[in-house]
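Down below is the structure, laid out as structure tokens.
The values are calculated or read from the model by the stated rules, or taken from the named source; none is laboratory data. What you are looking at is a predicted structure, and each value in this text was computed from that prediction instead of being measured. Neighbour counts are summed over all protein chains in view; Cβ atoms, including those assigned to glycine, are modelled from backbone coordinates with ideal geometry. Just so you know, the surface numbers come from the protein's heavy atoms only, side chains and all, with ligands and any DNA or RNA stripped out. Shrake-Rupley method; radii C 1.70, N 1.55, O 1.52, S 1.80 Å.
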Protein chains: 2
Amino acid sequence: MDFTSKNFSYVTESFGSVMERVRSGARLYLRSLSHEKPSEMPAQIEDDFPSLAADFSLPPELDYVTKGKFSSVLRVSGRVNMWLHYDVMANVYSQIVGSKRMILFPPSDVKHLSFAPGASSSGLDVFTALDTRSSLLAGTRPHEAILHPGDLLFLPALWLHAAEPKTDMSVAVNVFFRDLDSNYYAGGRDVYGNKDLEAYDKGRQAAARIGKSFQQMPKETRRFYLARIADELLQAAEEG
Amino acid sequence: MDFTSKNFSYVTESFGSVMERVRSGARLYLRSLSHEKPSEMPAQIEDDFPSLAADFSLPPELDYVTKGKFSSVLRVSGRVNMWLHYDVMANVYSQIVGSKRMILFPPSDVKHLSFAPGASSSGLDVFTALDTRSSLLAGTRPHEAILHPGDLLFLPALWLHAAEPKTDMSVAVNVFFRDLDSNYYAGGRDVYGNKDLEAYDKGRQAAARIGKSFQQMPKETRRFYLARIADELLQAAEEG
């Protein structure tokens, strides 16, 4: 699936039908939403699938995750890939049935991976690029994890990742959690746990205003000053 | 001379004494200021040296310069170098007595030449660096001009430049002029014609606020978002 070209469609189906179709090889991906308010609240497996929830619990060693818990999501996939994206929340990804190949890139690789400004998803087909040793991945540091039933993967916030099932059916539960001070997260609805930090939204708006204030100047003037200001932002990131 | 380490001192002397001392090899540099209000108004040779002014006029081909004229400056130098800097105004530099070596770099080289954020002067000794083929100049594109009496050099705004006299005494007059829409220049006093554009000052302040909003976050988070915002600024420079 490619989120940027939207080469898939969203459908609502009964759970039984989804499971049946995935079993027969359909290219489907189920990502659970809140049973009660699917467009407003984040998914919580204990509310959304109460009869399954008892089978899933995080070990006490992961109390840090449980305390910052934002959402728990049931994922069932047939032979379809999850596109390259990042989440603003950290998460632990628990593989339950089948196996899955995850490719992760550190956050600083974002500049190499065709993420449009402000976008948390990229249209880059990471798996094809890796298999063909494509130059599209030049400068990146891909990490690979093959998850089998019982494996739990910690996915730090902002790490770019894509997933490819290695079996016809893959079932997983992942728990998103906040690991930054809660003030940093943007207010308002965040069903998917990937609403960008408030400081990023505001920073982008401020940057757009800065860009606009130079817009009518000759290109060399714009480049000179905007590059210097951009450099100060990069330096600010290194301070403290 | 190095403006950043201030390895020189400012003195007030009579014109005759300066000329006498330069003639005897003193390491002096005279940069004229407004006779009437030296700390408030830009220099104008016709007001500051009325008895010399008649000897200097720009040819009609340079009406564009005369129309945007901001300041005309008499410069007399002994064996001292002018440090690397840029001016926000464009200027035409007219060599009258002696000769001078000018090194110019295009504005985009600013990132390689040790200019502190917001500074229009650098402490880099360009002449030593060039003569020793120093790696401090890696990635830069220095241009050299040797000016002899009667030569006139157009120095575009924002081009980084440094000057070295090739004779014991060098006399020049340069005319700063505005070649951007006058709204872009910052208001208030600008004695030297190098007060940065208002958009740069405001942009730097906005960038500082953006940086601050990320300051308490983990370094990886700061780097991720600030680099993305910096990238948007660079993209804005290429638009239109």
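Structure above, values below:
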read-out: Label point 7 Å beyond Cα along the C-beta direction, distances from residue A:238 to other copies (nm, shortest first); value: 2.3
read-out: Calculated P(r) tail over 26 Å for chain B, as whole % of Cα pairs; value: 45
read-out: Alpha-carbon centroid distance for the pair the range A:165-199 / the range B:57-100, whole angstrom; value: 60
read-out: Reachable lysines from residue B:166, criterion Cα separation under 26 angstrom, eight or more residues apart if same chain; value: B:6, B:100
read-out: In the A-B interface, the accessible area buried, summed over both sides, Å² (probe 1.4 Å); value: 4500
read-out: Integer Hz, Karplus 6.51/-1.76/1.60 couplings in order for the range B:223-240, x for Gly and Pro; value: 4, 4, 6, 5, 5, 5, 5, 4, 4, 5, 5, 5, 5, 4, 5, 8, 7, x
read-out: Overall dimensions of the range A:84-225 as given by Cα atoms, namely Rg and Dmax in Å; value: 18.3, 59
read-out: Anisotropy class of the range A:28-159 from Cα gyration tensor, a/c 1.5 cut; value: prolate
read-out: Where N is the number of residues in the protein assembly as shown, Cα Rg divided by 2.2 N^0.38 Å; value: 1.36
read-out: Rounded to whole Hz, the Karplus (6.51, -1.76, 1.60) HN-Hα couplings of the range B:206-219, x for glycine and proline; value: 5, 5, 5, 5, 4, x, 4, 5, 9, 3, 8, 7, x, 4
read-out: For residue A:90, distant residues with modelled amide H under 5 Å away; value: A:157, A:177, A:179
read-out: Nm distances between copies for residue B:119, ranked from closest, using label points 7 Å along Cα→Cβ; value: 4.0
read-out: Long-range amide H partners of residue A:79 with built H, under 5 Å; value: A:28
read-out: Table column - 3J(HN,Hα) (Hz), the range A:82-90, Karplus curve with 6.51, -1.76, 1.60, x for Gly and Pro; value: 8, 5, 5, 7, 10, 10, 7, 8, 6
read-out: MRE, 222 nm, helices only [DSSP H, n ≥ 4, -39500 (n - 2.57), over the protein assembly as shown, to nearest 500]; value: -7500 deg cm²/dmol
read-out: Charge dipole (the protein assembly as shown, unit charges on Cβ, about Cα centre) - positive-most of A:110, A:134, A:59; value: A:134
read-out: Links that overshoot a 25 Å alpha carbon limit, given the list A:212/B:195; A:69/B:219; A:67/A:111; A:195/B:111; value: A:67/A:111; A:195/B:111
